[in-house]
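Read through the structure below, which is laid out as structure tokens, and then see the notes.
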Amino acid sequence: KMESISKGKEAVENGDLVSALEFFTDSIAEAFVARSSIHLKLNRPNDALDDANEALKVKPDFENAVFNKGISLFNLQKYKCSLECFKKGRKMFEKSEKNYETWIRKCELEIRGDDNEEIKPSNDKVDLKTEQSKFQFYQTANKIFITIFEKNQKEIETKIDLKPLTVKISNSEKIFFDHRLYSEIDPTQSYLKFYSQKIECILHKKNAHKL
């Protein structure tokens, strides 16, 4: 942001007002995106979305704003809008290094949440011999995401057994998930989130690698 402002001031001094306008526009958009990113880290998706949209008003082709907007919409559980945003970003920024495919796949899984579909990773494998609750699975380079479709579960009543190569989630009445992983995880960095319709299990891989 400061670099854009400095370049804008320099352009003004040189009488290049057109370039100065572009630099100052960039700095405004960058500020909104920076604030949007902070809102995301603070789990404030509504505020993050507002700032991403403000950045796009100033600079419609700002990739970081498009990406933040997609994440904000996803966190607000507006999965179809999020999917549309990520697909638009993938098309606009074909050479981007951002993980559009992962987010698109995640949106599609949420949209198809009622389907009994098991998603296997491309490189790592999960032993699916034993059926428990309906679940969905996908991974990134450094994380594994497991969505277990069990309604109205309470964290205090759920037993979580995370080991480097196994995951078991259950309560006193039922085993929700009990499988072996082929990619070692760090149990100390892994955790669960509880929602009204599902349990989200986020596992951090011990050794991150490219998919």
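The values are calculated or read from the model by the stated rules, or taken from the named source; none is laboratory data. Just so it is clear, the structure is predicted and the values come from calculations on it, not from any experiment. Quick reminder, even Gly has a Cβ in these numbers, built from the backbone with ideal geometry, and neighbours come from all protein chains shown. The protein model used for the area step is the full one, side chains on, heavy atoms only, and it has no ligands, DNA or RNA in it. Shrake-Rupley method; radii C 1.70, N 1.55, O 1.52, S 1.80 Å.
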Test: residue in the stretch 191-200 that is in a strand (DSSP E or B) and among the charged types (D, E, K, R): yes
Residue that is in contact (Cβ under 8 Å) with a residue 40 or more places away in the chain and of a type in the set (D, E, K, R), where the choices are Glu155, Glu150: Glu150
Check on Lys193, in contact with a strand residue (DSSP E or B) (Cβ under 6 Å, 6 or more places away or on another chain) and open to solvent by 30 Å² or more (accessible area, probe 1.4 Å): yes
Phe137 vs. criteria surrounded by 18 or more Cβ atoms within 10 Å (Cβ to Cβ) and either aromatic (Phe, Trp, Tyr) or more than 22 Å from the chain's Cα centre (by Cα) (or both): yes
First in the stretch 21-40 and modelled with pLDDT of 75 or more, second anywhere and open to solvent by 40 Å² or more (accessible area, probe 1.4 Å) and among the acidic types (Asp, Glu), Cβ under 6 Å, 6 or more apart: Phe32/Glu54; His39/Asp47
Qualifying residue in the stretch 181-190 (condition: in contact with a strand residue (DSSP E or B) (Cβ under 8 Å, 6 or more places away or on another chain), assigned to a strand (DSSP E or B) and touching a residue at least 24 places away in the same chain (Cβ under 8 Å)): yes
